[in-house]
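Step one of this worksheet: look at the structure below.
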Amino acid sequence: MPPHGRSSEALAVARSVPRPLASRPGALHDALAFRVGPRVLLGPLLVLAVILATGLGLGWWLADRLVREDARFVAASTSDLLRKLVPGLETILETGTATAEQRGALVRAADRSRVVAVALLDRTGRPILGGREILPTAPSPLPDDATARALVAEALAQRDIRAAVRPVHAPGWPAHVGEAVVPIARDGRLAGLLQVSVDLSDKVAVYRSTFIWSSIVVAALFLLAAAVPGFFLWRRLEALEAAAAEVRHLAFHDPLTDLPNRLLFQDRLAQAIARVRREGGRGALLILDLDDFKAVNDAHGHAAGDQLLRAVARRLTRAVRATDTVARLGGDEFALVIAPLASLDGLDPVLDRLRRELARPVTVDDRPLVAGATIGIALFPDDGDEPDPLIRRADGALYRGKAKGRGTIVWHREPPAEPPGRPPRAPAG
């Protein structure tokens, strides 16, 4: 069951959707027009100043963030290395003592090119080993290191690596140092802390200069791009709008027949029910299933079946009115929403046109095929005023019709009696 064709109502809705701004007469000209005045020069200068300030600030912030992450990485890798090379590192942190073998392993593990100083702290943040006890080349400790104390307090509180980058003006220390504190746990319990100082002087200089110049270049390119004629910008916006419209269309329409799909059909049915409830009258939901469609696929192939479904979709669309909806629910099953109807007499011409359209052979690959169909009908509000119950009742009528034989029209309930002289409608199955 695969057709999906756009109904007349769907076409009307598509025509009512506003076109992109640039496609309306004069809109593109109006959007690009400006008045000459003092703001013509002041505006671009202010915009450029804001862009430059933002770019410089962002570059500075990113540089600091990168060097801080660099310090975190070095500290984390140093922690991993110490845990691998120093036997019983957690025991040292818990007891506060280290054997000669452990001290030697600490010295060997901590001797890395960018590591300036290493210290072991217990679970309260009190130093156990540090300075030249672990790294013989470490500089003298800083006298009042508030930054390190703050990092230790944060690491203890958050149980996570904390890092900071700061300038240092002290003999033996690099110009920029990355301080990092790494919590070390054993069996899910904090054993102690590892404090690592890393030389980041070269990193700070490289990152900051790179991002500052990158920001300046980006700002200059932005200013140049603003001078490009707006025509090309609007062409791009039109293309994006067309792509978005295509995506929206595919989301609500069947790709084979271009009819509304099940999602859009349910919305149309809900709107029709609301309109009938508001304005009075009736509406009809028709569920249509092609007869012997599987035999067509088996005998002639799926390509022929697809051609048949597209032809049926076109014929169903011709058979209904401009206010009606034709949708493909899947496979060879279609749904028609016929509303509003002042009376049930208004449904008779639609059913007659459906019979005639479906009775005509469809030529597929130079072979005539007859697309007979069984139809189940539910009325609203007679048979319900909610979409899901109506669909179930129309489906039930359809299946009763299938049981009777091909080409039947079955009502969920017997429609009201017609005035004298009119032929009776097909009874409910």
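Mind listing just one residue for me: the one in region 311-351 that is under 19 Å from PHE293 (Cβ atoms), among the small types (Gly, Ala, Ser) and surrounded by 17 or more Cβ atoms within 10 Å (Cβ to Cβ) and, of those, farthest from the chain's Cα centre (by Cα)? Full working, then the answer.
At the first step, the residues of region 311-351 found to be under 19 Å from PHE293 (Cβ atoms) are 311-317, 319, 326-336.
Filter once more, keeping what is among the small types (Gly, Ala, Ser): 311, 313, 319, 327, 330-331, 335.
Subset that is surrounded by 17 or more Cβ atoms within 10 Å (Cβ to Cβ): 311, 313, 319, 327, 335.
Values: ALA311: 35, ALA313: 32, ALA319: 39, ALA327: 27, ALA335: 30 Å.
Result: ALA319.
Is it the case, given these coordinates, that GLU154 is modelled with pLDDT of 80 or more and closer than 19 Å to VAL74 by Cβ? Answer is yes for this residue.
For region 115-131, does any single residue satisfy the condition of being of a type in the set (Lys, Arg), surrounded by fewer than 16 Cβ atoms within 10 Å (Cβ to Cβ) and either on the phi > 0 side of the Ramachandran plot or not in a helix (DSSP H, G or I) (or both)? Looking through region 115-131, at least one residue is of a type in the set (Lys, Arg), surrounded by fewer than 16 Cβ atoms within 10 Å (Cβ to Cβ) and either on the phi > 0 side of the Ramachandran plot or not in a helix (DSSP H, G or I) (or both).
Say whether the condition of being part of a helix (DSSP H, G or I), in the same structural domain as LEU190 (by TED's automatic domain parsing), farther than 28 Å from ASP202 by Cβ and touching a strand residue (DSSP E or B) at 6+ places or on another chain (Cβ under 7 Å) is met by at least one residue in region 93-106.
The first filter runs over region 93-106 and keeps only residues part of a helix (DSSP H, G or I), leaving 93-95, 100-106.
From what's left, in the same structural domain as LEU190 (by TED's automatic domain parsing): 93-95, 100-106.
Within this subset, residues satisfying the condition of being farther than 28 Å from ASP202 by Cβ are 93-95, 100-105.
Still in the running and touching a strand residue (DSSP E or B) at 6+ places or on another chain (Cβ under 7 Å): 93-94.
Yes, some residue in region 93-106 is part of a helix (DSSP H, G or I), in the same structural domain as LEU190 (by TED's automatic domain parsing), farther than 28 Å from ASP202 by Cβ and touching a strand residue (DSSP E or B) at 6+ places or on another chain (Cβ under 7 Å).
When region 352-373 is filtered for residues that are among the aliphatic types (A, V, I, L, M) and either part of a strand (DSSP E or B) or surrounded by 14 or more Cβ atoms within 10 Å (Cβ to Cβ) (or both), the ones remaining, listed by number, are LEU354, LEU358, VAL362, VAL364, LEU369, VAL370, ALA371, ALA373.
Just checking, does region 187-197 include any residue being in contact (Cβ under 8 Å) with a residue 24 or more places away in the chain and charged (D, E, K, R)? Give the steps one after another, and end with the answer.
First, the residues of region 187-197 that are in contact (Cβ under 8 Å) with a residue 24 or more places away in the chain: 190-197.
When the remaining residues are screened for being charged (D, E, K, R), the result is none.
No - not one qualifying residue is present in region 187-197.
Of a type in the set (Gly, Ala, Ser), surrounded by 16 or more Cβ atoms within 10 Å (Cβ to Cβ) and under 20 Å from ARG278 (Cα atoms): does that describe GLY376? Against the criterion (of a type in the set (Gly, Ala, Ser), surrounded by 16 or more Cβ atoms within 10 Å (Cβ to Cβ) and under 20 Å from ARG278 (Cα atoms)), GLY376 does not qualify. When region 279-318 is filtered for residues that are charged (D, E, K, R) and not in a loop (DSSP other than H, G, I, E, B), the ones remaining, listed by number, are GLU279, ARG282, ASP289, LYS294, ASP298, ASP306, ARG310, ARG314, ARG315, ARG318.
When each of ALA319, ALA295, ALA299, ALA327 is tested for being touching a residue at least 60 places away in the same chain (Cβ under 8 Å) and among the hydrophobic types (A, V, I, L, M, F, W, C), the lone residue that passes is ALA327.
Give the residues of region 150-196 that are of a type in the set (S, T, N, Q) and either touching a Gly at 6+ places or on another chain (Cβ under 7 Å) or over 19 Å from ARG65 (Cβ atoms) (or both), sorted by residue number. Across region 150-196, the qualifying residue is only GLN195.
For region 175-187, indicate whether the set of residues that are assigned to a loop (DSSP other than H, G, I, E, B), of a type in the set (Gly, Ala, Ser), more than 30 Å from ALA98 (Cα to Cα) and at pLDDT 75 or above is non-empty. Yes, some residue in region 175-187 is assigned to a loop (DSSP other than H, G, I, E, B), of a type in the set (Gly, Ala, Ser), more than 30 Å from ALA98 (Cα to Cα) and at pLDDT 75 or above.
Sub-6 Å Cβ pairs linking a first residue in region 159-171 that is closer than 24 Å to ILE184 by Cα and touching a residue at least 12 places away in the same chain (Cβ under 8 Å) to a second residue that is small (Gly, Ala, Ser) and assigned to a strand (DSSP E or B), at least 6 apart or interchain, are ALA163/ALA180; VAL165/GLY178, ordered by first then second residue.
The test for being at pLDDT 80 or above, loosely packed, with under 15 Cβ neighbours inside 10 Å, among the hydrophobic types (A, V, I, L, M, F, W, C) and part of a helix (DSSP H, G or I) holds for ALA251. Among residues of region 360-386 being in contact (Cβ under 8 Å) with a residue 40 or more places away in the chain and over 28 Å from ASP306 (Cβ atoms), the one that is nearest to the chain's Cα centre (by Cα) is GLU386. LEU390 meets each of the listed conditions (1) surrounded by fewer than 20 Cβ atoms within 10 Å (Cβ to Cβ); (2) closer than 19 Å to PRO415 by Cβ; (3) aliphatic (A, V, I, L, M) apart from (1). If the condition is being charged (D, E, K, R) and either under 42 Å from the mean Cα position of the chain (by Cα) or not assigned by TED's automatic domain parsing to the domain that holds ILE134 (or both), then region 191-220 contributes ASP202, LYS203, ARG208.
The values are calculated or read from the model by the stated rules, or taken from the named source; none is laboratory data. Since we're looking at a predicted model, the values are computed, not measured. Positions of Cβ are generated from backbone atoms using ideal geometry, with glycine treated the same way; all protein chains shown enter the neighbour counts.
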